[in-house]
Amino acid sequence: ARQRVVGVALVSVVLFFARNSPTVLDHLDSLLDRAQGARGINQVSRYLIGNFRPVASETSAPIRLRVASGAIPAGLSAAIVRIGPNPIAEHGHTKLYHWFDGHGMVHVCRIKGDTGVANYSSHWLRTPRYEHERALRRDYFPTVGELVGPLGLLRVLLDIGGAKARAYIPDLLRLGQANTAVLSWAGRVLALHEASLPFELSLRDDGSVASLGYSSLGGEVDAPLSAHARVDASTDELMLGGYALQPGSPAMKWGTLAPADLDGPPGSEGNFRTASNLSTRPFAHDFAFTAACVLLLDLSVQFTPEGILDEGRVFSFATEHVPRIGLGRRGVPPSEAVEVLWVPVERPIAAVHVLNAWDGEAGEVWLWLPAGESFDLQLRGGANFFAMTEIRIDANTNSASVRRVQSEATAAEGLLNVEFPKVHADFQGRFAMFGFASVAAAAEGSFSGVTKWRIEPGRGGLLSHTSYGAGRAGGDLALCAKPARAGAHASDGSDAVWVLVWIYDEASDASELLVLDGEATGEALPEVARLVLDGGRVPFGFHSTCIPEAELQRHIAASEARAARAAAAEDPAA
């Protein structure tokens, strides 16, 4: 033990004086990788085996999917974009790996309902991080996985990873993997990642992809943007939220952008505002909005750097912290300050993703989301059990009550652990009668089925639960709006969607895209089509989105116009 203490002390001294030498730091970082047993631990990591394991390459040309059952609906034309981590397997996984660490890879299914054809493409996003590690032919940059134990804490205290990264990527807002979510807005398609600027990509009509690079959205975004920026379909505004962990940086920012802001002069603090009256650094992965306000989440999961010593729990469930939801008024000119109204929640609560929020009576806001009473960033089984939950926020009394939507008494098949909730894109920020969510499987990060929920303030509940079957697991849902109502039941149209999800079949070690009818009123959503990627596999990943045909064509036209302008600027003679 004495030798270990002396060894750590000597390494600390050497590292302190070597911080300005990337070469020395790189060698010492490699020593720490070996000391942490990275290769051996990664060999048995559940996030590098089964369908979590990365694919070795991207597609060189679109691959046609086989229609194994049913038929592609004539009205379903869109690009289904799924994104997730895909580390470069040939590099040998030499640094401790967490599922969040892999380079972003997009998996695109280009569906054309008029011809009944669906093509699949995959593409590694060419972030600076990806390009540099490709050039080095090895893992280089810091990972979430290595922030475990005394050696993980040593890395943080001496800023080993940060110093190494800044030697090649000085702007750490461009260091991320762009691997968490995809958003289509104002003719642009953006890949989002918790700690970075948005990364822009271009889709072609055949579904193939080109990387364009990090974007500050016309100079408007100057801090990490959440993976869950959202579009208000009624105003075409982009709703912004984000948080940062670095000392001296704003703990949380929020705001709105209009498409016109992209072409104007660089913005001000008023477009991406610092959240006032926030003294902690919460895990604010998601947020919500209504017609009147933006909802910021300062709940029970808080940043605890000392948790590195507690098996890497850098975010922990803090029962002593009073959870709060912040209400920031929308529609305030950028030149005017906005004080966030923080409303305390009646009991400790953890949440990662939001289903929807909407305005009620004067001073009243409703929020639905999966929520639980514990949290583990290392995704160890059982710790993250989230049930569909309703929060009623009353700004008049400065209080927020919590109600579990599916109670033990009404859960005939047992309380469902749900995540990755989705609502029809046109209904975000306003009341919707229906929503959907995935049912978590035994292994964190995969899902055994999909649920449909009836949303009703103070009431509502589970309508249906569709299982994917034995040996089959899925991921995040993509909701594609139907061109016209097909159902006969009374509805506001918020379930007039096709629900699409990539399914992994363990027996065949292959993936298929399942199309379900979201309008169905029975106990399960009926299968509309099953599109098989023969001999191919889409690894479990993070979020999916549906880019409808008209929106996709606007994006393609805008991308071509911007490329033409850029070419003309480089060659005035053109």
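The values are calculated or read from the model by the stated rules, or taken from the named source; none is laboratory data. In this text the structure is predicted, and so the values were computed from the model without any measurement. Neighbour counts are summed over all protein chains in view; Cβ atoms, including those assigned to glycine, are modelled from backbone coordinates with ideal geometry. For accessibility, only protein heavy atoms count, side chains too; no ligands or nucleic acids. Shrake-Rupley method; radii C 1.70, N 1.55, O 1.52, S 1.80 Å.
Below are the figures for this structure:
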read-out	value
Inter-residue pairs, beta-carbon under 6 Å, first without any contact (Cβ under 8 Å) to a residue 24 or more places away in the chain and in the range 287-310, second open to solvent by 10 Å² or more (accessible area, probe 1.4 Å) and charged (D, E, K, R), 6+ apart	Gly307/Arg313
Residue match in the range 231-249 (condition: over 20 Å from Leu341 (Cβ atoms), surrounded by 22 or more Cβ atoms within 10 Å (Cβ to Cβ) and out of contact with any helix residue (DSSP H, G or I) (no Cβ under 9 Å at 6 or more places or on another chain))	no
Selection from the range 202-227 of residues that are assigned to a loop (DSSP other than H, G, I, E, B) and out of contact with any Phe, Trp or Tyr (no Cβ under 8 Å at 6 or more places or on another chain)	Arg204, Asp205, Asp206, Ser208, Ser216, Leu217, Gly218, Gly219, Leu225
Total residues in the range 352-376, condition part of a loop (DSSP other than H, G, I, E, B), of a type outside the set (Phe, Trp, Tyr), touching a residue at least 40 places away in the same chain (Cβ under 8 Å) and open to solvent by 10 Å² or more (accessible area, probe 1.4 Å)	5
Boolean, Val189 is open to solvent by less than 10 Å² (accessible area, probe 1.4 Å) and either under 25 Å from Phe427 (Cβ atoms) or of a type outside the set (S, T, N, Q) (or both)	yes
Tally, over the range 452-474, of residues that are in a strand (DSSP E or B) and in contact (Cβ under 8 Å) with a residue 40 or more places away in the chain	11
Whichever residue in the range 483-505 is modelled with pLDDT of 95 or more and assigned to a loop (DSSP other than H, G, I, E, B) and, among such residues, is surrounded by the fewest Cβ atoms within 10 Å (Cβ to Cβ)	Ala496
Residue that is surrounded by the most Cβ atoms within 10 Å (Cβ to Cβ), among those in the range 35-66 that are in contact (Cβ under 8 Å) with a residue 60 or more places away in the chain and in contact with a strand residue (DSSP E or B) (Cβ under 6 Å, 6 or more places away or on another chain)	Leu65
Residues of the range 492-514 classified as within 22 Å of the chain's Cα centre (by Cα) and not polar (S, T, N, Q), total	11
The lone exception for Pro87 - which of (1) at pLDDT 95 or above; (2) under 26 Å from Gly149 (Cβ atoms); (3) open to solvent by 20 Å² or more (accessible area, probe 1.4 Å); (4) out of contact with any helix residue (DSSP H, G or I) (no Cβ under 6 Å at 6 or more places or on another chain) it fails	(3)
